Each structure stands twice: as structure tokens, then as C-alpha cells.
Amino acid sequence: MTHAQAGHNVPLPQEVFPIAYERGPSGMGPRNARRPRGSAAPMRPVAWLIGVLGELLVTAGVVLGLFVVWQLWWTDVEGERAQSEIIAEMDWEGAQTGPATSTEHRDSPPVMKEPPEAGTLFAQMFIPRFGNEYIKPVAEGTDKATVLDTIGIGHYNGTAMPGALGNFAVAAHRTTYGKPFNQIAELKEGDAVVVRTKENWYVYKVTESKIVLPQNVEVIAPVPGVTKDQDMPKLTKRFITLTSCHPMFSATERYIVHGELDYWSPVGEGKPKELMG
């Protein structure tokens, strides 16, 4: 008796496709049932290759993710720790707790000689806009591996020293390795940038900010903006220039902040009022 004769309208598959049912492709009826348990169709080379590539991409993604975590987070942790340790090792009494508000001197300040060796520590930088706890070491040179990645703020070799006529120019990371200039874009005209050597304070005030291309090196010229093919005017002002990469997580441009010296004072006379907040 057929499936239809039993009172059903839908015939069984073996009644409609008897040959296909007996010898059809894998997955149809009795033929599939006769395959030994645990057997599988051989994987085609293309499918195998796609599987291997997929696993490699997943592995690469994990490795890349770990690298990003290391670059953006762990280098900051290590950088900030190293910079704090450097400040502590400098052991400059009065760097954070002067006895009183210092006297503002506007005559020609004393100027130290430029250190002969890269990596030599010679100053500390305070930027009130970045918070009361902001204090970073400054070293000679702008080599990435030996200064910017390990110490923090680097002084462009050959530019003026703190308080000198000309342009005291420095560089630091905006992201990673403690990111000393992470908030550089927040600086506004009139903000203080305070530099301390072992014996003197130099208080600069921000005059302007700009974004330039890496080849615009005239931003660190003795008079900012004067190019090599122009005559350098007589130096009459004491500038400071902060440089960092722009935009964030890129080095296609440079973020520049210029300032001029407002006053200086000996460390022994107290602490600048800009740091008394």
C-alpha cells in the first residue's frame, strides 16, 4: 500500500524519485544512512585555505589589539612613572613648595649654558592649564628613543636656553610615553608656561597657537617664522615654542604654541604666583 492509498495526499519521496532516493547525493535518505559513523567528505583545498587564512586573520587581530593596548596604555603608565621618578631624583628643593610668592624680575635674566650631551636633564616645566600636579622633566635633545620616549620633554639642540634671547624650543609626545603635551591644544593666549632650572624660574606667557607641516621648521627659528632664506633680525625678545604631533595619533602635521618671557625670579625668592593656585 502506498502512502497515498493510506489516505494521505502527499506521496513518499521514494515513490516520486526512486532512483535519486537510492543513489542521490549525500544527505538523501538511505544512502546517507549507510555512511559509516564518523566519516566525512574530504575538505577541498580552497575551503582549507580559507579556513587557514581566517585563523591567521584572527590571530593577527589579537596581536594588533595587544600592540594597541601596549602602545596607547602601557607606554603611558610606564612613561608617567618614569617621569615622576626623574623629578624625584632631581631633588630640587622648593620646586613645588616655594616659601612665598616670588618677585617678578624683568631685567636680563641669568642663562645657563646648553648641555653638551643629549639626554642631560637641566630643567622642569610647569603648565598650570594642565593642572596643579603637572610637572615634567626637560632634557637636552629631541631623539625619540633616548629623550622623548624615556624622559619626556626634549630641547631642540642649538635653540636658546631658558631666559635667553631667541627661541627656547622644545618637543614632547601628545600621545603615548607619558604624553607630556597631550593637552597642548587647550593652551590659550595669556596662559603661563613656567620653566625652572635649578636656580631660577622663567615665566613665559602664550601668545599664539598654530598648525603647520613638519617641514615648516621656521617655527623654532630664533625669531619664530623667519625662514632660512630671510635675514634674521636682531634678537630683542625671549621666546618659547612648544611642538607636538597633530592630529592626535598622527604625525602628518605639527601643533605649535609660541610664547614670550614675562618675567624671571631666583628660586630662593619664592614661587611664581602662577603656581600658587
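Considering only residues in the stretch 233-251 that are free of Cβ contacts under 8 Å to residues at least 60 places away in the same chain and out of contact with any Pro (no Cβ under 8 Å at 6 or more places or on another chain), the one that is nearest to Pro109 (Cα to Cα) turns out to be Lys234. Only one of the numbered conditions (1) in contact (Cβ under 8 Å) with a residue 24 or more places away in the chain; (2) in contact with a Ser or Thr (Cβ under 7 Å, 6 or more places away or on another chain); (3) more than 17 Å from Arg129 (Cβ to Cβ) is violated by Leu187, and that is (3). Of all residues in the stretch 70-81, those satisfying the criterion of being at pLDDT 70 or above and crowded, with 17+ Cβ neighbours inside 10 Å are Asp76, Gly79. Return yes or no: is Thr150 in contact with a Gly (Cβ under 9 Å, 6 or more places away or on another chain), modelled with pLDDT under 95 and part of a loop (DSSP other than H, G, I, E, B)? The answer is yes for Thr150. Put simply, of Val212, Val195 the only residue that is within 25 Å of Glu104 (Cα to Cα) and of a type outside the set (Asp, Glu) is Val195.
Touching a Cys at 6+ places or on another chain (Cβ under 6 Å) and within 22 Å of Ile184 (Cβ to Cβ): is that true of Ala251 in this structure? It is true that Ala251 is touching a Cys at 6+ places or on another chain (Cβ under 6 Å) and within 22 Å of Ile184 (Cβ to Cβ).
Looking at (1) in contact (Cβ under 8 Å) with a residue 12 or more places away in the chain; (2) surrounded by fewer than 17 Cβ atoms within 10 Å (Cβ to Cβ); (3) among the aliphatic types (A, V, I, L, M), which one does Val257 not meet, given that it meets all the others? Unmet for Val257, out of (1) in contact (Cβ under 8 Å) with a residue 12 or more places away in the chain; (2) surrounded by fewer than 17 Cβ atoms within 10 Å (Cβ to Cβ); (3) among the aliphatic types (A, V, I, L, M): (2).
The condition (being within 17 Å of Glu89 (Cα to Cα), more than 15 Å from the chain's Cα centre (by Cα) and among the hydrophobic types (A, V, I, L, M, F, W, C)) is satisfied by just one residue among Ile135, Ile127, Ile151: Ile135.
Is the stretch 206-215 home to any residue that is buried (at least 17 other Cβ atoms within 10 Å of the Cβ) and among the basic types (Lys, Arg)? Checked against the condition, which is being buried (at least 17 other Cβ atoms within 10 Å of the Cβ) and among the basic types (Lys, Arg), the stretch 206-215 yields no hits at all.
One residue alone among Thr176, Thr197 is on the phi > 0 side of the Ramachandran plot, β-branched (Val, Ile, Thr) and surrounded by 15 or more Cβ atoms within 10 Å (Cβ to Cβ), and that residue is Thr176. Among the residues making up the stretch 179-197, those that are part of a loop (DSSP other than H, G, I, E, B) and in contact with a strand residue (DSSP E or B) (Cβ under 8 Å, 6 or more places away or on another chain) are Pro180, Phe181, Leu187, Lys188, Glu189, Gly190, Asp191, Thr197. Of the strands (runs of 3 or more DSSP E) lying entirely inside the stretch 200-277, those containing at least 2 residues that are within 29 Å of Ala100 (Cβ to Cβ) and either among the acidic types (Asp, Glu) or at pLDDT below 95 (or both) are 253-266. Is it fair to say Val170 is in a strand (DSSP E or B), under 17 Å from the mean Cα position of the chain (by Cα) and under 24 Å from Tyr263 (Cα atoms)? So Val170 passes the test.
The values are calculated or read from the model by the stated rules, or taken from the named source; none is laboratory data. Quantities reported herein were computed from a predicted structural model and do not represent experimental measurements. Backbone-built Cβ (ideal geometry, glycine too); neighbour counts: all protein chains shown.
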